[in-house]
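The values are calculated or read from the model by the stated rules, or taken from the named source; none is laboratory data. Keep in mind that this is a model prediction, so the values were computed, not measured. Cβ placement follows ideal geometry from the backbone for every residue including glycine, while neighbour counts extend to all protein chains displayed. Note: accessible area is taken over every heavy atom of the protein model, side chains too, but ligands, DNA and RNA are not part of it. Shrake-Rupley method; radii C 1.70, N 1.55, O 1.52, S 1.80 Å.
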Amino acid sequence: MSVAATTSSAYASTSATTTLSSTASSTLTSNDFLTLLVTQLQNQNPLEPTDTNDFVSQLTSYANFEQQQALNSNLSSLTASLNSLLTLNSSNYIGQTVTAKADSGTLENGSITFGYSLNSAASSVKLQISDSSGNVVWSGDGTTAAGSNSFTWDGTTTSGTQLADGGAYSLAVTATDSSGNSVYGYTTVTGTVTGIDSSSGTAMLKIGNTSVAVSSVIGVSS
């Protein structure tokens, strides 16, 4: 009897382990969880049955597992719905001129409108524009007033070469006060929204060939 019970338990353990291993490579469902629990009860040693406290704990784990599965499913559905709603609302930006926190833009009609914010008045503001490869194509001085400052680059390099439309360029700002401390806040780009890109799961506004997050928009005008 003892040998038979031991053999049966060993087989059950192997069977349960095999079942668990086969489901480990995929998602463990509530049915898998319940099957393992029932298998344990069917093949427990009659002389050493499962402790009542342990069994109650396992049942509690099963209940929590069921709730977690349902919660995850509901959250996934909610996220999908919110993303669809956000994409739909973002379509209202198409055709509008927006200002967004970003440091890069697309050269269109021979210009890019950048902006930058200073936490306080600066004694010196240096601007550098680089192409998509990181090469500096233009540099100069900027206005030093506290708050928002606008800067429109005409697509001309420091050497006087007019660059073609369609390229992506970024603005770097170095702003310091009379003590040499940085007063730079953030950089913006302004342009007309031509489309919405939600392929990444987050709605992004297309301004030329540049994408900006809806959450980065700080101003809209017709």
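One line per residue, one yes/no per condition, for (1) on the phi > 0 side of the Ramachandran plot; (2) of a type in the set (Ser, Thr, Tyr); (3) touching a strand residue (DSSP E or B) at 6+ places or on another chain (Cβ under 8 Å); (4) at pLDDT below 95:
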| residue | (1), (2), (3), (4) |
| --- | --- |
| GLY147 | yes, no, yes, no |
| LEU171 | no, no, yes, no |
| SER182 | no, yes, yes, no |
| SER198 | no, yes, yes, yes |
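Here is a yes/no grid of residues against (1) at pLDDT 95 or above; (2) assigned to a strand (DSSP E or B); (3) among the polar types (S, T, N, Q); (4) open to solvent by 70 Å² or more (accessible area, probe 1.4 Å):
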{"site": "LEU75", "(1), (2), (3), (4)": "no, no, no, yes"}
{"site": "ALA80", "(1), (2), (3), (4)": "no, no, no, no"}
{"site": "SER90", "(1), (2), (3), (4)": "no, no, yes, no"}
{"site": "SER117", "(1), (2), (3), (4)": "yes, yes, yes, no"}
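Where residues in the stretch 205-214 are outside any strand (DSSP E or B) and at negative phi, which of them is farthest from the chain's Cα centre (by Cα)? It comes out as ASN209.
Would you confirm, using the coordinates I've provided, whether VAL98 is in contact with a strand residue (DSSP E or B) (Cβ under 7 Å, 6 or more places away or on another chain), open to solvent by less than 40 Å² (accessible area, probe 1.4 Å) and modelled with pLDDT under 95? So VAL98 passes the test. Taking the criterion of being in a loop (DSSP other than H, G, I, E, B) and surrounded by 13 or more Cβ atoms within 10 Å (Cβ to Cβ), the residues of the stretch 182-204 that qualify are VAL183, VAL193, THR194, SER198, THR202, ALA203. Evaluating THR113 against the criteria (1) over 25 Å from VAL214 (Cβ atoms); (2) surrounded by fewer than 19 Cβ atoms within 10 Å (Cβ to Cβ) leaves one unmet condition, (1).
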